[in-house]
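Notes for the one structure printed next.
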Amino acid sequence: MKNFSYFFKEGVMNLFTNKMVTLMTLLTVIVSLLVTGVFQVVSSNLMHISREVGNNFEFNIYIKDSVPAEQLNAVGEKIMGVAMVNDVVLKPKADTFTEFKDKVANDSLLKGLSEEENPFRDCFIVTLTNLDQADYVLGEIKLLEEVDSVSNNLETSKKLSAIEKKVKLYSIIIYVLLAILCLSIISNIINLSIFSRRKQINIMKYVGATNGFVKAPFIIEGVLVGMVGALLSSAILSYLYSLLYSNFSQVLEGVYLLPPIPVFLELLVMNAAYGILIGGLGAAVAVNKHVKV
Amino acid sequence: MLQFRNVTKVYDNTNVTALENINLEIEKGEFVFLVGHSGAGKSTLIKLITAEEKATSGEIIINDINVTKLKSKEIPFYRRTLGMVFQDFRLLENKTVIENVAFAMKVVGATNRQIRRRAPDVLGRVGLSQKAHFLPDQLSGGEQQRVAIARALANNPNLIIADEPTGNLDPDISGEIMQYLEEINRSGTTVIVATHDKDIVNRMHKRVIAVDGGSIVRDDERGGYSDDEEF
């Protein structure tokens, strides 16, 4: 570690003595991070939206006619007590009846029916914290003695949660592929810069420098470029995202884009981690080819 | 201090036998010329000494270190016991004369204090104290080679290997470079010079080892370039 200040100084000096190469590497890092960053923002929003849609997905729980109106609140509490139930809203049969009558307006069939002859049942509208587990949760609810039946939209919910999972999986796969692609591009660019300094590396090796001693300044140089690239690309993306967000934030009824601040933070953390990784690793991979003298 | 025992080097990729069954002994404090035409095996011999290449068979012992058995991790530490001088000087263009010397010391872990004391001293030994803060391209070829010699001396090696050190220099400058090497030799450092330069070899009357076709064909205690050899 006593050499750290020397390595750091060399790394920084190299940045400035090879300005064109530094600029080229920096631009490549920025472009790479913009690509992965855009993808990251899009995929975290997609995940967020599919999660939101899932969380808003409603199941109807129909209650037996034999259950008196006074007990409905208690039944609601019971349903709420089932694991992974997010929210329970009572829809009394009187409301359903009125709605229905309004819809079909003057249908003669319903004209004669009074409140007492209401053909509908009391119903609870339930949303889940985890759509994935709908099968299990609805099964648990069905076990309650007051429950008559549950809505048969389970299949739709399964499709939705499958989409949510796929979005997540493909996001990760594409992100990793992009990351590997960028790493190889960066490594090649750094390789160019190191190639122009192979004489220096050669001399260092002849006077007895260890591989670590030769590599350290290059790695520091790569990490610095990665960090600067991460900051700049995060700033650019954050600016663009806040523009997007201020003009278009509501995707669907009740579903919004992720708010800018958490997106900025996530971008910064991911870009910084990734920028440092590709800068440092890219330099290490590239310099490795030249230290074997 | 330097021993080759039945050393053979065959290059893997081309299957060319560069050196065959070399036996050689150089004592501490000797000054040795290594002569031979291009492709004779001179360069390979030097590369084996600097551990740039590994012998196919046989043993090389230098300063009690078995060079043939060095792990790649140990090579840098071994090289610190050698001083290398090349035909093309190999100075860092973006560093001044004294920085070039300091760099060689920094690499082996010298402290700034040690560097401040030693670097001007070795520059003095090659007569370049006045030009310490010049960049290499502000110097003549002879001066650049003197910087390279100073750098080779910086870590106080007990063996200096010069590979065609006068190859790029005028005859009178070449003589000057050889004088510096001879002076270094006089202070006890072993010096091996690989060269084509007939005049120098003949003038200095040092031990001459001639290599041809991968074998040592001549080893004279106080030799010259023989007339029937066309190198």
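Just so it is clear, none of the values below were taken in a lab; they were calculated from the coordinates. None of these values were measured; they are calculated from a predicted model. With ideal geometry, Cβ positions are generated from the backbone for all residues, glycine too; neighbour counts draw on all protein chains shown.
If a/c stays under 1.5 just call it rounded; otherwise compare a/b with b/c (prolate if a/b is bigger, oblate if not). Do that for the range A:125-257, with a ≥ b ≥ c from the square roots of the Cα gyration tensor eigenvalues. Here the range A:125-257 falls in the prolate category.
Based on the Cβ-Cβ distance from B:Asp121 to B:Thr14, what FRET efficiency comes out when R0 is 56 Å, to the nearest 0.05? Walk me through the intermediate numbers first.
On the way: r = 44 Å, r/R0 = 0.79.
The calculated FRET efficiency here is 0.80.
Counting beta carbons within 10 Å around each of A:Ile172, B:Ile177 and listing the fewest first gives the order A:Ile172, B:Ile177.
Ignoring aspartates and glutamates fewer than eight residues from B:Lys206 along the same chain, the ones with Cα atoms less than 12 angstrom from its Cα are B:Glu30, B:Glu182, B:Asp219, B:Asp220, B:Glu221. Listed by chain and number, the lysines placed with their C-alpha closer than 17 angstrom to that of A:Lys166 are A:Lys158; residues fewer than eight positions away on the same chain are left out.
Anisotropy class assigned to the protein assembly as shown is prolate, per the alpha carbon gyration tensor with a/c at or over the 1.5 cut-off and a/b larger than b/c. In angstrom, the C-alpha Rg and Dmax of chain A are 30.6, 105. Remark: relative contact order (the range A:56-154) = 50 percent; criterion is Cα-Cα distance under 8 angstrom and separation of 6 or more residues.
Past 30 Å, Cα to Cα: identify those pairs from A:Lys9/A:Lys289; B:Lys28/B:Lys131; A:Lys168/A:Lys289; B:Lys28/B:Lys71; A:Lys289/B:Lys95, in the order given. Write down the numbers at each step before the final one.
Values: A:Lys9/A:Lys289 23 Å; B:Lys28/B:Lys131 32 Å; A:Lys168/A:Lys289 37 Å; B:Lys28/B:Lys71 25 Å; A:Lys289/B:Lys95 24 Å.
As for pairs spanning more than 30 Å Cα to Cα, those are B:Lys28/B:Lys131; A:Lys168/A:Lys289.
The count of lysine pairs in the range A:56-154 with alpha-carbon distances below 21 Å, taking only pairs 8 or more places apart or on different chains, stands at 16.
Less than 5 angstrom separates the built amide H of B:Gly223 from those of B:Lys206, B:Arg207, B:Val208, all sequence-distant by 5 or more or on a different chain.
Oblate is the label for the range B:58-184, because the ratio a/c of its alpha-carbon gyration tensor axes (a ≥ b ≥ c) is 1.5 or higher and a/b is not greater than b/c.
Against chain A, whose longest principal axis is taken from its Cα atoms, helix A:260-288 shows a tilt of about 30°. In this rough spin-label picture, where each label sits 7 Å from Cα along the Cβ direction, the B:Gln130-A:Asn188 distance is 5.3 nm.
Please arrange B:Ile75, A:Ile174 by how many other C-beta atoms lie within 10 Å of their C-beta, fewest to most. Mind dumping the intermediate values first?
Numbers: B:Ile75 20, A:Ile174 14.
Ordered by Cβ neighbours within 10 Å, fewest first: A:Ile174, B:Ile75.
Residues B:Leu91, A:Leu138, arranged from fewest to most other Cβ atoms within 10 angstrom of their Cβ, appear as A:Leu138, B:Leu91. Within a straight-line Cα-Cα reach of under 13 Å, A:Lys205 can be paired with the following aspartates and glutamates, leaving aside sequence neighbours fewer than 8 residues apart in one chain: B:Glu52, B:Glu74. R0 = 56 Å: FRET efficiency of A:Asn288 with A:Thr98, Cβ-based, nearest 0.05? Between A:Asn288 and A:Thr98 the formula returns 0.15.
Considering the range A:56-154, its Cα convex hull presents a mean projected area of 6.7 nm². When you restrict to C-alpha pairs under 8 Å that are six or more residues apart and normalise by the size of chain A, the relative contact order lands at 30 percent.
When the helices in chain A are scored as -39500 (n - 2.57) per DSSP H run of 4 or longer and the sum is shared across all residues, what 222 nm value do you end up with, to the nearest 500 deg cm²/dmol?
On the way: 10 runs with 203 residues, N = 293.
Counting only the DSSP helices, I get -24000 deg cm²/dmol.
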